[in-house]
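Visitor: The structure that follows is given in the form of C-alpha cells.
The values are calculated or read from the model by the stated rules, or taken from the named source; none is laboratory data. Note that the coordinates shown come from a computational prediction; the quantities given were computed from them, not determined experimentally. Note that we place each Cβ from the backbone using ideal geometry, even for glycine, and neighbour counts take in every protein chain shown.
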Amino acid sequence: MALIQGKFIDNIGRVYTIYTGGFIVFILLMAILEQMGVSANTIGILFVAFTIAIYALIGWLSRTMEVDAYYVAGRQVPAVYNGMATAADWMSGASFVAMAGGIYFGGYGYIAFVVGWTGGYVLVNSLMAPYLRKFGCYTVPDFVGTRYGGNLARFFAVVVLVVASFTYVTAQINATGTIAARALHIPFSYGVWFGLLGILLCSMLGGMRAVTWTQVAQYIVLIVAYLVPVIWMSNVQGFGLIPHFSYGGAAQSIVAFETQYGLNPPLEAVAGMSVLTTTHLAPVGDLAGWKFVTLAICMMTGTASLPHILMRYFTTPTVRAARKSVAWSLLFIFLLYFTAPALATLTKLQLLDPDLPTAIIGKPIEEVLALAWVQNWSSVNMLAVVDQNADGILQLNEFFMRPDIVVLATPEIAGLPYVISGLVAAGGMAAAMSTADGLLLAIANALSHDLYYKIIDPKADTATRLIVARVLLIIIGALGALVASLQLTGILGAVAWAFCFAASGLFFPLVLGIWWKRANRPGALAGMGIGFVVGTIYLWWVYTGGTQILGLDHLRFGIVGMTASLVAMVVVTLMTEAPDEETQKMVDATRVPVGPPILASGH
Amino acid sequence: MSVENSETADRYWAKTRSLTILVLVLWAIFAIIIPWFAGALNSYSFLGFPLGYYMIVQGSLIAFVLLIFFQNWRQDSIDDEFGYNEEE
C-alpha cells in the first residue's frame, strides 16, 4: 500500500527510470545468453514470462478497496504518466502487430488508420476530455446518465459501451493468444486463456490504479520493442540512425521495384494470406480519397467516443492536467505511429532490393525455401512460397504472407539476432494486454457502477460494489476469451467495428451534451438508440452482401450510424421541451475548469 | 458557479468556443482535406518523399501533436485571464 500511495507518486520518476534500466539490462542479458548458445525458444519464453511477471507484481502492489482508487486511480495520476498509460491503453495488438503489415499490403488506403488513430486525439482534447474530467464521473455512462437524467439514458450508454468494447476486447485477447502461442509453444486455444490470466492479474486487485501503473510499464516495453528493430534495419540499409525523415528514398525505390517485378494477382490464391498487389505510395481507384477520409473519420470519432480512452482522463488531478495528458498521450502514440510506415517500407525493401542480402524476390525458389524464417513461419501456416508459374524463380505474386505477421517476422527477415524477436513478442504482448485491460475494466466498471449500483441496487455498500466489479471483470474476461478462441474475425476487422459502434452510438450524445445546452433526454435517447441501431443494421446489410451506399463498406458503417444519430438527436430535441434550469446550470458548470465537480467523490 | 459570475462565464465560454472552432478547422485541413488530395500532392517532393505520402505518414501526424500543444497553450492563457487556475 505505502509503495503506491503518496510516497510512490513522489518517487514515480525514479521508479520508472529504474524499471526501464532493469528492462534494458534484461535485454542485454538475453543477448548474452543467446551468444552463449541458449536456444531461441528459451529466450522467447523468458521474455514473455518475465515481462508478464513484472506486470502482475505491479498489479498486486496496487491492490485497493477504495472506490476512488478502484474507478479513477484516486485522481492523482500526473499528466505525463497518464499520457503513457493512455498510449499503452490505446495501442492495441492491432496497432503493434497488424498496422505495419496493413500498410505493407494496403498502401494508401490503409494509411487512413494511421491518420484516424492520431487525429482523433484532437477531437478528444478539444471536445471531450477536459469537460468530462470536470464533470467528475467514474464512467462514460455516468456522464450520460447524469447530464440527460434517467436510468434509460444511462442504460443505453451502457449497451453501446459494452457492444463496442466487447467487440474490441475479443480482438485483443485473440492477439495475446496468438503471441503467447508462438512464444511459449503452446496451442492457440491455451494461449488465449494464458493471455487472459495475465490480463486479469494486472487489473483485478487494483482496478484503475493497478491498470494505470502496469500500462505505464507496458508502454515502455512496447515502444522499445517497436523502435529497436526499425532503427537496426535502417542502419543496415544505410538510411541513418533515425530512419523516419530519410526513408523517402526507400519509398521511391520500392515504386521502381514494383514496376520491375509487376504488381499482379497470384495465379492461384492461398486462403488467409496476401500477395503484394497494391502500390506503396499512390491512391488507387476513383473513390480512393473518399474512402480514405470516411475511414479516417470513423476512426477519429470512434477514438473520441471509446470509453476505455475517455475514462483515462478521469484519473488526472485537474482539468488542466487532463488536457496536458491528452497532449502527452498523442506524443507517445505518435512515436509508434510514425514508425509503422517506416517499418513497412524498410521491411518491403529488405525483401525486394536485390542489392540487400536478405532479398528473396527474383531468387531461385529452392534457395528461398531453405531460409530458416521462411520455414518457421510456413510451418505455422502464416506464410507460403509457391512456384505457381513453375519457372524456378520466386515472383512477387508467388510470395504469400498473412499481413498480421509482418511486424513479428521482421527481425527474422532482416537477419537480426533472435533476442530482437523475443523483444518484439514481449512488446506485442504488452500492447495487446494493456488494451485488453483497459477495455475489460471499462466494461466491468460500467456494469458494476452504472448497471448494478446506479440502476439495480443504489444502496449497495462500498465493499459489495467492488466485489461485484471484480466478479464481473472475471466473467467478461472469460466470455471474451471464449469468443476469441472461436477465431471469428481477423484482428483488424473487429477493431474497426468497435470504433464504428462507439461513434454511431456515443459520439454525438457526448459532444452535444457538452456543447449544446438545449440537448435533452429524449434527443439523447434517440441519438444513442437510432444511431446504434441504424449503424448495426447497415453493418449487417453490407456484411451479408447488400449494396453499399457511396462505397461505405463494413469498416465504415460508423458514417451511416453517426449521421442517423445526429439527425435523430437534433430533430427529437427540437421537437421536445428544453432541459430544466438545473440541467442547464450543470452544463454551465461543466464548461468552467474550476469549482467543485458535478459528481462528488465516492458517488 | 454563482449567478453574478455568469457573465464572466459567458465571455470565457465565447473565447473557449472560438479557440475550439479554430482548432477544428485546422484539424479538418490536416485530417480530411490533405489526405483526400494526397494523390495530387505526390507530384511534389519533400525531404525525398512524395509530398502527399509524406503528409499522411508523417506531416499530418506532426500537425496533430503540435495542434494539441498549441490549443492547450492558448486555453491555459484563457483560463489564467479569467482566473480559472486556482487548482494548479
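Visitor: Quick check on this structure: which one of A:Ile549, A:Ile559, A:Ile530, A:Ile514 is without any contact (Cβ under 8 Å) to a residue 12 or more places away in the chain, surrounded by fewer than 24 Cβ atoms within 10 Å (Cβ to Cβ) and of a type outside the set (D, E, K, R)?
Guide: Numbers: A:Ile559 fails: without any contact (Cβ under 8 Å) to a residue 12 or more places away in the chain; A:Ile530 fails: without any contact (Cβ under 8 Å) to a residue 12 or more places away in the chain; A:Ile514 fails: without any contact (Cβ under 8 Å) to a residue 12 or more places away in the chain.
On inspection, the qualifying residue turns out to be A:Ile549.
Visitor: Out of everything in the stretch A:562-602 that is surrounded by fewer than 19 Cβ atoms within 10 Å (Cβ to Cβ) and among the small types (Gly, Ala, Ser), what residue ends up being farthest from A:Pro317 (Cα to Cα)?
Guide: My answer is A:Ala578.
Visitor: Have a look at A:Ala69, A:Ala88 and point out the one that is touching a helix residue (DSSP H, G or I) at 6+ places or on another chain (Cβ under 8 Å), within 30 Å of A:Ile186 (Cβ to Cβ) and small (Gly, Ala, Ser). Can you show your working first?
Guide: Details: A:Ala69 fails: within 30 Å of A:Ile186 (Cβ to Cβ).
None of the others qualify; the one that does is A:Ala88.
Visitor: Give the stretch A:7-45 a look and list any residue that's surrounded by 11 or more Cβ atoms within 10 Å (Cβ to Cβ) and not in a helix (DSSP H, G or I), or say none.
Guide: A:Asn11, A:Val38, A:Ser39
Visitor: Could we say that A:Gly22 is farther than 25 Å from A:His185 by Cα, among the small types (Gly, Ala, Ser) and free of Cβ contacts under 8 Å to residues at least 60 places away in the same chain here?
Guide: On the way: farther than 25 Å from A:His185 by Cα: yes; among the small types (Gly, Ala, Ser): yes; free of Cβ contacts under 8 Å to residues at least 60 places away in the same chain: yes.
For A:Gly22, the condition - farther than 25 Å from A:His185 by Cα, among the small types (Gly, Ala, Ser) and free of Cβ contacts under 8 Å to residues at least 60 places away in the same chain - is met.
Visitor: Just checking, does the stretch A:57-65 include any residue being under 28 Å from B:Leu67 (Cβ atoms), buried (at least 24 other Cβ atoms within 10 Å of the Cβ) and of a type in the set (Gly, Ala, Ser)?
Guide: So the first thing to find is which residues in the stretch A:57-65 are under 28 Å from B:Leu67 (Cβ atoms), and the list is none.
Checked the stretch A:57-65: no residue is under 28 Å from B:Leu67 (Cβ atoms), buried (at least 24 other Cβ atoms within 10 Å of the Cβ) and of a type in the set (Gly, Ala, Ser).
Visitor: Evaluate the following for A:Val80: is it within 28 Å of A:Leu441 (Cα to Cα), assigned to a helix (DSSP H, G or I) and at pLDDT below 90? Even if it seems obvious, please write down each step before you answer.
Guide: Values: within 28 Å of A:Leu441 (Cα to Cα): yes; assigned to a helix (DSSP H, G or I): yes; at pLDDT below 90: no.
Judged against the criteria, A:Val80 is not a match.
Visitor: Kindly indicate whether any position in the stretch A:116-123 is more than 19 Å from A:Thr167 (Cα to Cα) and touching a Lys or Arg at 6+ places or on another chain (Cβ under 7 Å).
Guide: No, the conditions are met nowhere in the stretch A:116-123.
Visitor: Oh, and also: Checking B:Thr8 against (1) among the hydroxyl-bearing types (Ser, Thr, Tyr); (2) touching a residue at least 12 places away in the same chain (Cβ under 8 Å); (3) facing chain A (nearest Cβ under 8 Å); (4) surrounded by fewer than 19 Cβ atoms within 10 Å (Cβ to Cβ): exactly one of these is not met. Which one?
Guide: If we test B:Thr8 against (1) among the hydroxyl-bearing types (Ser, Thr, Tyr); (2) touching a residue at least 12 places away in the same chain (Cβ under 8 Å); (3) facing chain A (nearest Cβ under 8 Å); (4) surrounded by fewer than 19 Cβ atoms within 10 Å (Cβ to Cβ), just (3) comes out false.
Visitor: Identify, please: which residue in the stretch A:533-546 is of a type outside the set (Val, Ile, Thr) and part of a helix (DSSP H, G or I) and is, among those, surrounded by the most Cβ atoms within 10 Å (Cβ to Cβ)? Walk me through how you get there before you give the answer.
Guide: Residues of the stretch A:533-546 of a type outside the set (Val, Ile, Thr): A:535, A:538-541, A:543, A:545-546.
From what's left, part of a helix (DSSP H, G or I): A:535, A:538-541, A:543.
Working: A:Gly535: 27, A:Tyr538: 24, A:Leu539: 22, A:Trp540: 12, A:Trp541: 16, A:Tyr543: 13.
So, considering only residues that are of a type outside the set (Val, Ile, Thr) and part of a helix (DSSP H, G or I), the one surrounded by the most Cβ atoms within 10 Å (Cβ to Cβ) is A:Gly535.
Visitor: Of all residues being within 20 Å of the chain's Cα centre (by Cα) and of a type outside the set (Gly, Ala, Ser) in the stretch A:175-192, which is modelled with the lowest pLDDT? Just the residue, please.
Guide: A:Thr178
Visitor: Something else about it: Would you check which residues across the stretch B:31-53 are at the interface with another protein chain (Cβ under 7 Å from one of its Cβ atoms) and assigned to a helix (DSSP H, G or I) and list them?
Guide: Passing the criteria: B:Ala31, B:Ile32, B:Pro35, B:Trp36, B:Ala38, B:Gly39, B:Tyr53.
Visitor: Count, please, the residues in the stretch A:570-603 that happen to be assigned to a loop (DSSP other than H, G, I, E, B) and more than 10 Å from chain B (Cβ to nearest Cβ). Let's see the steps before the verdict.
Guide: Of the stretch A:570-603, the ones assigned to a loop (DSSP other than H, G, I, E, B) are A:576-580, A:592-603.
Next cut, more than 10 Å from chain B (Cβ to nearest Cβ) only: A:576-580, A:597-603.
Number of matching residues: 12.
Visitor: Which ones in the stretch A:334-343 are more than 9 Å from chain B (Cβ to nearest Cβ) and of a type in the set (A, V, I, L, M, F, W, C)? Please lay out each step first, then the result.
Guide: Taking the stretch A:334-343 first, the residues more than 9 Å from chain B (Cβ to nearest Cβ) are A:335-336, A:339, A:343.
Hits for the stretch A:334-343 are A:Leu335, A:Leu336, A:Leu343.
Visitor: If you don't mind, there's one more thing I want to ask. Find the residue count for the stretch B:59-88, including only residues that are within 17 Å of A:Gly248 (Cα to Cα), buried (at least 22 other Cβ atoms within 10 Å of the Cβ) and without any contact (Cβ under 8 Å) to a residue 24 or more places away in the chain.
Guide: Count: 1.
Visitor: Oh, and also: Taking B:Ser18 as the residue in question, decide whether it is of a type in the set (S, T, N, Q) and more than 9 Å from chain A (Cβ to nearest Cβ). Even if it seems obvious, please write down each step before you answer.
Guide: Values: of a type in the set (S, T, N, Q): yes; more than 9 Å from chain A (Cβ to nearest Cβ): yes.
Considered against the rule, which asks whether it is of a type in the set (S, T, N, Q) and more than 9 Å from chain A (Cβ to nearest Cβ), B:Ser18 comes out as yes.
Visitor: Suppose we filter A:Met311, A:Met300 for residues that are buried (at least 24 other Cβ atoms within 10 Å of the Cβ) and facing chain B (nearest Cβ under 10 Å); which single one remains? I'd like the intermediate steps shown before the answer.
Guide: On the way: A:Met311 fails: facing chain B (nearest Cβ under 10 Å).
After ruling out the rest, the residue left standing is A:Met300.
Visitor: Of the conditions (1) under 17 Å from the mean Cα position of the chain (by Cα); (2) at the interface with chain A (Cβ under 9 Å from one of its Cβ atoms); (3) surrounded by 19 or more Cβ atoms within 10 Å (Cβ to Cβ), B:Leu26 satisfies every one except a single condition; which number is it?
Guide: (3)
Visitor: Considering only the stretch A:253-262, I want to know if a residue exists there that is of a type outside the set (A, V, I, L, M), in a helix (DSSP H, G or I) and within 14 Å of another protein chain (Cβ to nearest Cβ).
Guide: Yes: the stretch A:253-262 contains one or more residues that are of a type outside the set (A, V, I, L, M), in a helix (DSSP H, G or I) and within 14 Å of another protein chain (Cβ to nearest Cβ).
Visitor: Hey, could you check the stretch A:324-366 for residues that are polar (S, T, N, Q) and farther than 30 Å from A:Thr86 by Cβ and say which is surrounded by the most Cβ atoms within 10 Å (Cβ to Cβ)?
Guide: Here is the first cut: in the stretch A:324-366, the residues polar (S, T, N, Q) are A:325, A:329, A:339, A:345, A:347, A:350, A:358.
Then drop every residue that is not farther than 30 Å from A:Thr86 by Cβ, which leaves A:350, A:358.
Working: A:Gln350: 21, A:Thr358: 19.
Per the criteria, the residue is A:Gln350.
Visitor: State all residues of the stretch B:54-68 that are aliphatic (A, V, I, L, M) and either at the interface with chain A (Cβ under 7 Å from one of its Cβ atoms) or over 20 Å from the mean Cα position of the chain (by Cα) (or both); if no residue qualifies, say none. First the steps, then the outcome.
Guide: Our first condition is that a residue be aliphatic (A, V, I, L, M); within the stretch B:54-68, this holds for B:55-57, B:61-63, B:65-68.
Within the stretch B:54-68, B:Ile56, B:Val57, B:Leu61, B:Val65, B:Leu67, B:Ile68 qualify.
Visitor: Tell me which residues, restricted to the stretch A:233-248, are surrounded by 16 or more Cβ atoms within 10 Å (Cβ to Cβ), within 8 Å of chain B (Cβ to nearest Cβ) and part of a helix (DSSP H, G or I).
Guide: Scanning the stretch A:233-248 gives A:His244, A:Gly248.
Visitor: State yes or no: is A:Ile393 touching a helix residue (DSSP H, G or I) at 6+ places or on another chain (Cβ under 9 Å), in contact (Cβ under 8 Å) with a residue 40 or more places away in the chain and of a type in the set (A, V, I, L, M)? Show your work before the answer.
Guide: Details: touching a helix residue (DSSP H, G or I) at 6+ places or on another chain (Cβ under 9 Å): yes; in contact (Cβ under 8 Å) with a residue 40 or more places away in the chain: no; of a type in the set (A, V, I, L, M): yes.
For A:Ile393, the condition - touching a helix residue (DSSP H, G or I) at 6+ places or on another chain (Cβ under 9 Å), in contact (Cβ under 8 Å) with a residue 40 or more places away in the chain and of a type in the set (A, V, I, L, M) - is not met.
Visitor: A further question follows. How many residues does the stretch A:436-467 hold that are of a type in the set (D, E, K, R) and under 28 Å from the mean Cα position of the chain (by Cα)? Explain how you work it out, then say what you get.
Guide: So the first thing to find is which residues in the stretch A:436-467 are of a type in the set (D, E, K, R), and the list is A:437, A:450, A:454, A:457, A:459, A:461, A:465.
So of that shortlist, the ones also under 28 Å from the mean Cα position of the chain (by Cα) come out as A:437, A:450.
Summing the residues that are of a type in the set (D, E, K, R) and under 28 Å from the mean Cα position of the chain (by Cα) in the stretch A:436-467 gives 2.
Visitor: Which number in (1) without any contact (Cβ under 8 Å) to a residue 40 or more places away in the chain; (2) among the small types (Gly, Ala, Ser); (3) away from chain B (no Cβ under 14 Å); (4) touching a helix residue (DSSP H, G or I) at 6+ places or on another chain (Cβ under 7 Å) marks the one condition that A:Ser274 misses?
Guide: Tallying (1) without any contact (Cβ under 8 Å) to a residue 40 or more places away in the chain; (2) among the small types (Gly, Ala, Ser); (3) away from chain B (no Cβ under 14 Å); (4) touching a helix residue (DSSP H, G or I) at 6+ places or on another chain (Cβ under 7 Å), A:Ser274 fails exactly one: (1).
Visitor: Here is a check on your reading of the model: is A:Leu197 in a helix (DSSP H, G or I), surrounded by fewer than 24 Cβ atoms within 10 Å (Cβ to Cβ), out of contact with any strand residue (DSSP E or B) (no Cβ under 8 Å at 6 or more places or on another chain) and in contact (Cβ under 8 Å) with a residue 12 or more places away in the chain?
Guide: On the way: in a helix (DSSP H, G or I): yes; surrounded by fewer than 24 Cβ atoms within 10 Å (Cβ to Cβ): yes; out of contact with any strand residue (DSSP E or B) (no Cβ under 8 Å at 6 or more places or on another chain): yes; in contact (Cβ under 8 Å) with a residue 12 or more places away in the chain: no.
So A:Leu197 does not fit the description; no.
Visitor: If you don't mind, there's one more thing I want to ask. Considering only the stretch A:432-526, give the helices (runs of 4 or more DSSP H) lying wholly within it that have at least 1 residues that are within 25 Å of A:Glu582 (Cα to Cα). Break it down into steps so the answer makes sense when it comes.
Guide: Numbers: elements: A:462-485, A:491-502, A:508-515.
Here the list reads A:508-515.
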